[in-house]
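Encoded as structure tokens, the structure appears first; notes follow it.
The values are calculated or read from the model by the stated rules, or taken from the named source; none is laboratory data. Quick caveat: nothing in here was measured; it's all calculated off a predicted structure. All Cβ positions, even for glycine, are placed from backbone atoms using ideal geometry, and neighbour counts span all protein chains on display. Calculation scope for accessible area: heavy atoms of the full protein, side chains included, ligands and nucleic acids excluded. Shrake-Rupley method; radii C 1.70, N 1.55, O 1.52, S 1.80 Å.
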Amino acid sequence: MRPKLFRVVALATALSLAFATSAQAASPAASACPDYFFLSGNLALNPNFETPSLGVPVGTAKCWQNGDPSPVNSAAASWQMHSSNAGATVCSTLVAGSAPGPGGNYLLAFRAGGNEGGIYQSHALDPKKAYMFSVWVMVRSGQVAIQSRGMTGGPVAWTSKVGEWEQLRVCTNSLANTDMLVVYNQAPNGGIFYVDRAELREIPIRE
């Protein structure tokens with residue numbers, strides 16, 4: 001399968017619905033994520049979405065539409081936005097609130113005009129090590145998936161609820177490197193979701 005290119009991502013990524021569905025059943029991922037015994041602290045940048053992007057005050061929407069320069073920062077520092085291959089409009093806003101558990105004062109609200117609209121951040125991590133990516137998501141409409149690899153071949157986790165917070169987690173092993181934390185809507189008609197409390201931690205390798 002040829003990888004797809006996000007219209008707002010400078011890197012080649014492949015997050016098509018067909019592949020992501022099959023990736024859950026046959027991906028080089030650890031069979032389960034550990035609940036504890038992490039080998040590192042939280043490596044995610046701006047994990048609680050407390051810091052706004054420069055020049056984007058809290059409560060102000062940051063949008064991208066087809067024809068605008070890319071890549072583009074989201075409303076949260078260290079997180080960028082991507083769109084669909086068709087160039088559907090995407091918007092993000094830092095708003096007051098938090099996911100369950102310890103967190104901060106803000107979360108990121110995201111509106112996707114089509115499938116594959118979401119946020120991501122890139123990481124240069126040791127490809128021989130294993131990592132867990134975890135994030136809390138509340139879907140208002142659509143369906144959200146997460147993955148920790150920009151290219152095909154990594155694990156994918158999906159939301160199953162609407163109007164409730166869910167913690168999604170994916171873990172890699174030595175066969176799939178972690179290089180990009182991606183949270184994106186996959187409903188073809190777009191969607192709205194909230195995201196908070198991202199975690200990226202090294203875990204023991206499980207073949």
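Data for the structure
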| item | result |
| --- | --- |
| Unmet requirement for VAL139, which otherwise passes all of (1) assigned to a strand (DSSP E or B); (2) β-branched (Val, Ile, Thr); (3) more than 15 Å from the chain's Cα centre (by Cα) | (3) |
| Residue check, THR93 assigned to a loop (DSSP other than H, G, I, E, B), in contact with a Ser or Thr (Cβ under 8 Å, 6 or more places away or on another chain) and either open to solvent by less than 60 Å² (accessible area, probe 1.4 Å) or without any contact (Cβ under 8 Å) to a residue 60 or more places away in the chain (or both) | no |
| Any hit, segment 77-85, residues being surrounded by fewer than 23 Cβ atoms within 10 Å (Cβ to Cβ) and either modelled with pLDDT under 95 or acidic (Asp, Glu) (or both) | yes |
| Residue ID - farthest from the chain's Cα centre (by Cα), chosen from residues in segment 168-207 that are open to solvent by 10 Å² or more (accessible area, probe 1.4 Å) and of a type in the set (Val, Ile, Thr) | ILE205 |
| Residue check for PRO47: assigned to a loop (DSSP other than H, G, I, E, B), of a type outside the set (Ser, Thr, Tyr) and over 18 Å from VAL183 (Cα atoms) | no |
| Residues that are in contact with a Gly (Cβ under 7 Å, 6 or more places away or on another chain) and hydroxyl-bearing (Ser, Thr, Tyr), drawn from segment 131-183 | SER141, SER148, THR172 |
| Members of segment 129-163 found to be closer than 12 Å to TYR184 by Cα and polar (S, T, N, Q), listed by number | GLN143, GLN147, SER148, THR159 |
| Subset tally (residues that are under 11 Å from SER74 (Cα atoms) and exposed (fewer than 14 other Cβ atoms within 10 Å of the Cβ)) for segment 36-54 | 1 |
| Members of segment 77-104 found to be among the small types (Gly, Ala, Ser) and either closer than 23 Å to ALA187 by Cα or touching a Lys or Arg at 6+ places or on another chain (Cβ under 8 Å) (or both), listed by number | SER83, SER84, ALA86, GLY87, ALA88, SER92, SER98, ALA99, GLY101, GLY103 |
